[in-house]
Amino acid sequence: MKILDSIPKSLVNFYEEKIIFDGNIKIFCLADGHYPENIAFDSRNERSAVLKIVNGVNHFIFTGDAPKNIETDLVNKYGDFLVSNVLKAGHHGSKTSSHKNFVSIVKPEYAIISAGAGNQFGHPDSVVVNIFESNNVELLRTDESGAIILRSDGKNLEKINWK
């Protein structure tokens, strides 16, 4: 795939805050695992890469397993730049991610939660589901639908039925 081939090894092996251009698509690495000393790291999740992909008017944020303290740092650092059509919810919809302030800043039309059906952790957490519902975000869940496919041509955003 052309986009994946254009990602430098430095980003794949060690995240760097940078912008990658591939035609009309821009990939912004918003979190690279290096934070100010005042951010405490409790687990590897704080070192998740956070990417924003922009294709024309369609914006996507992928948060990996980044928890609330990293989301707060992103809000403080980027503010309205976080606004996106699609948010891939952090940490499988765990209550450790997708806090209310972050979701209200991102203002997604869609939120994707990647969690296995009947998983032992009870993901997604009902608190996170309620945050998305109270913000009128359409929730797309792999535990209910299987694969989630959204296609962007830079103007339109289309949900694809993969079955």
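Throughout, read-outs are computed from the coordinates displayed, never taken from laboratory work. Just so it is clear, the structure is predicted and the values come from calculations on it, not from any experiment. A quick note on method: Cβ atoms are made from the backbone with ideal geometry, for glycine too, and the neighbour counts reach across all protein chains shown.
Quick rundown of the values:
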| item | result |
| --- | --- |
| The stretch 84-153: GluC sites (Glu not before Pro) in DSSP coil with no more than 16 other Cβ atoms inside 10 Å | E109 |
| Spin-label model distance (nm) - N101 vs A117, 7 Å beyond Cα toward Cβ | 3.8 |
| Extension gain from K77 to V127, taking 0.36 nm per residue of separation minus the Cα-Cα distance | 15.5 nm |
| Sorted by Cβ neighbour density within 10 Å, fewest at the top, the residues I131, I113 | I131, I113 |
| Sorted by Cβ neighbour density within 10 Å, fewest at the top, the residues T96, T142 | T142, T96 |
| Least to most buried among I70, I53 (fewest other Cβ within 10 Å first) | I53, I70 |
| Under-5 Å amide H pairs with L30, H placed in peptide plane, nonlocal only | V50, L51, K52 |
| In nm, spacing of pseudo-spin labels at E109 and K159 (7 Å Cα→C-beta vector) | 1.2 |
| Cross-link pairs K68/K107; K52/K77; K26/K52; K68/K159 - those with Cα-Cα distance over 18 Å | K68/K159 |
| Spin-label pair L150/D22, simplified geometry with 7 Å Cα→Cβ offset, distance in nm | 1.8 |
